[in-house]
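Here's the structure, in structure tokens; my notes come after.
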Amino acid sequence: MIRRFDYGTPLPTDALVKEAPLCTEAIPFFEVTAGEGGITFTHRLGKDDLIYGLGETVRGINKRGHLYRSWNSDEFSHHEDKQSLYASHNLLIFSGDGKPFGVFFDDPGEVVFDLGYTRADTASVTGVNGDMRVILIEEDSLNAIVRVFRGLIGQSYLPPKWAFGYIQSRWGYAADSEVRAIVQEHRSRHIPLDGVCMDIDYMVDYKDFSWNEQSFPDLAGLCSDMKKDHIRLIPIIDAGVKQQDGYEVCDEGLRNGYFCTYENGEPFVGAVWPGRSYFPDFFRPEVRQWFGRKYHKLMDAGVEGFWNDMNEPALFYSEAGLAEARQELTRLMDMNLGLDAFFHLKDVLMGMQNKREDYESFYHRYAGQKVRHDRVHNLYGGFMTRAAAEGLAEYEPEKRHLLFSRASYVGAHRWGGVWQGDNTSWWSHILMNLKMLPSLNMCGFLYTGADLGGFSGNTTEDLLLRWLQLGIFTPLMRNHSALGTREQEIYRFGMQEDMRKVLTVRYALLPYLYSEFMKCALTGDSMFRPLAFDYPQDPACLRIEDQLMLGGECMIAPVYEQNARGRNVYLPEDMLLVRFRSAEDYCLIPMEKGRHWIDLDLNELPLFIRKGCVIPMSRGGEWVEAVDFTDLTLLGWLEGEASYAFYNDDGMDAAPVLEKGLQTIRCKVEGGKAIAAGEGLRLDASKVIVG
Ligand code: GLC
């Protein structure tokens, strides 16, 4: 059952594609209070209640016990105490003794989620602006709540098939020759690769839609050579447009009044990589159309994918913040700085970045009104992604393009994927990556992944190797690192052969991973789910935070601890453990329901397949197009028979139809051996364990 409750005059958000029926009675489960600090919804928690949701956030899959704040932030250190990251995904799902229920707090401004932080037995959600649209979903199961929510928010973004390949990225790649060398290093060592990201250094002075013609003298030639080698280039586009006379994007934006403004109507100025910049008012359709068409320039050169960044939007400083800092510096210049003065100065300087007052100082035209930015802050990045998606679709309506963004709100999942931002080369961040996956899926973000190996800090080869062992399951699989950190391409490390072998598993599993992704995107299911969602009756599953269900048949349980040579795993039912070293080198171990210690050497990764299920595996390839999706080996453990609903398509069609791409793979045991059949497929069932 879906019900909508409106408080005050909520602004539209673009999150829902379907109308939810309005209810004028009091909302159940919550006590509602309104006052100076906004509107608050309070729910009393039972001792063992769990709370899921919130998409991209720090901490557990069960969100209970911390305070989270929806306020899209350029947050480069993902410590446990952080309240906000780059996204706002305001869905909570409460699970306790009674029927579970889901609540979506659809407010584009700041929303505070105190989930047992102030009082362990109380969850309270506060919409700071006082207006709120609440969508309440009551269903019999957690998975059903997600499916209903996903139905309301519309179909998730579909990337092209090649975007499921491995992508190499680093902040600092600055020349044609460098890109070619990176590709060459991968190809010569047979390390699979499908894409290379171009970070801000490909531009001239960090100007969007420009490229440095000294270092990239023939971008079209580079794209075409790369494409012959089955590699796509993926340039970055930032939200801020450099303030510079004669720079066409700046001139056009000013001439047409396309940028966000101060209250007096003058264009707002904030600084990002290029220094002083303007910010397109992506809320207006004509601005989206203008900005979206700018991507065509790079597409004309052969680009088929982009990442959108700094679109919270990140602000290094504003004119007002800079003036204040200058004034304080001058005032304190000749002082002997002691405790108070020194820390005050530090706060003033550090506080210039992403300053709250700056977000309160500019305006949009949205829904026919002049709206102060902070009221709609969390929508900005998603609307930038929408501008890009609309531009890309206009260029080639029949084709899918790769697009992922840093900032997002629910609704942006229809326009692009998200990566999980500037993580660190820490072991704990492998686990953080894992925990975000099911929460992001609940909110519609299926095409997602983290910077493998870690963005900031110096990675180590064992860390990267273990991280890749999780990354091979995430739809976006990208190795990305920050300027100044240790070089992180696989071929830099002694363990490169082990890493290469891990990647062969990804490419071999592509038919399964792509099939599961597409089915989930087209039906509203989650590709990654907490165990409790699939085994609600099993109390052992409720608190598991380091294993996930993957697709309809599998469970993953990666190693995420330094020097570990295995891990504890809970099997909610009998499962087949596939212990992979590579796509060719793996062993199959049937295991019973229950707790187990699994030995896993550094170069071994586990995949668990539910007993009674089979999954398809290809012979792999060094790029996605080389993978034969019709020549398949089945993995599984059977007594009687099983079928797998296999989805496949050309990987490009912008409007694929589920039924058209689906076919059934049947597998049964006959005379003590498994045999398989599927139309148009070559199937090898010799790896299916019988018994
Ligand atoms: C931001 C992005 C990061 C990128 C850097 C430079 O920090 O999150 O991925 O490398 O900007 O563009």
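The values are calculated or read from the model by the stated rules, or taken from the named source; none is laboratory data. All values derive from a computational prediction rather than experimental measurement. Here Cβ is always computed from backbone atoms with ideal geometry, including for glycine, and neighbour counts include all displayed protein chains.
Observations, loosely collected:
- When the criteria are applied in full, S439 fails the requirement of being of a type outside the set (F, W, Y), within 14 Å of the ligand (Cβ to nearest atom) and surrounded by 24 or more Cβ atoms within 10 Å (Cβ to Cβ).
- Looking only at residues of region 83-102 that are part of a strand (DSSP E or B) and without any contact (Cβ under 8 Å) to a residue 60 or more places away in the chain, we find that the one that is farthest from M350 (Cα to Cα) is G102.
- Strands (runs of 3 or more DSSP E) contained in region 574-691 and holding at least 1 residues under 22 Å from Q547 (Cα atoms) and at pLDDT 95 or above: 575-580, 586-591, 594-599, 605-610, 614-617, 631-638
- Helices (runs of 4 or more DSSP H) contained in region 307-360 and holding at least 3 residues out of contact with any helix residue (DSSP H, G or I) (no Cβ under 7 Å at 6 or more places or on another chain) and farther than 30 Å from G109 by Cβ: 319-332, 339-350
- Test result for Y157, more than 16 Å from the ligand (Cβ to nearest atom) and over 30 Å from S582 (Cβ atoms): yes
- Only one of the listed residues (A144, A181) is within 30 Å of F101 (Cα to Cα), assigned to a helix (DSSP H, G or I), free of Cβ contacts under 8 Å to residues at least 40 places away in the same chain and more than 16 Å from the ligand (Cβ to nearest atom). That residue is A144.
- Flag if W171 is more than 13 Å from the ligand (Cβ to nearest atom) and either acidic (D, E) or modelled with pLDDT of 95 or more (or both): no
- If the condition is being surrounded by fewer than 21 Cβ atoms within 10 Å (Cβ to Cβ) and either under 15 Å from L142 (Cβ atoms) or among the β-branched types (V, I, T) (or both), then region 35-47 contributes T40, T42.
- Count of region 218-247 residues which are buried (at least 19 other Cβ atoms within 10 Å of the Cβ), among the charged types (D, E, K, R) and farther than 27 Å from F316 by Cβ: 1
- Residues of region 499-556 that are under 22 Å from the mean Cα position of the chain (by Cα), of a type in the set (K, R) and in a helix (DSSP H, G or I): R506, K519.
- Residues located in region 65-82, provided they are crowded, with 18+ Cβ neighbours inside 10 Å and part of a loop (DSSP other than H, G, I, E, B): W71, N72, S73, D74, E75, H78
- Restricting attention to region 395-417, the residues being within 26 Å of R59 (Cα to Cα) and either more than 15 Å from the ligand (Cβ to nearest atom) or out of contact with any Asp or Glu (no Cβ under 7 Å at 6 or more places or on another chain) (or both) number 11.
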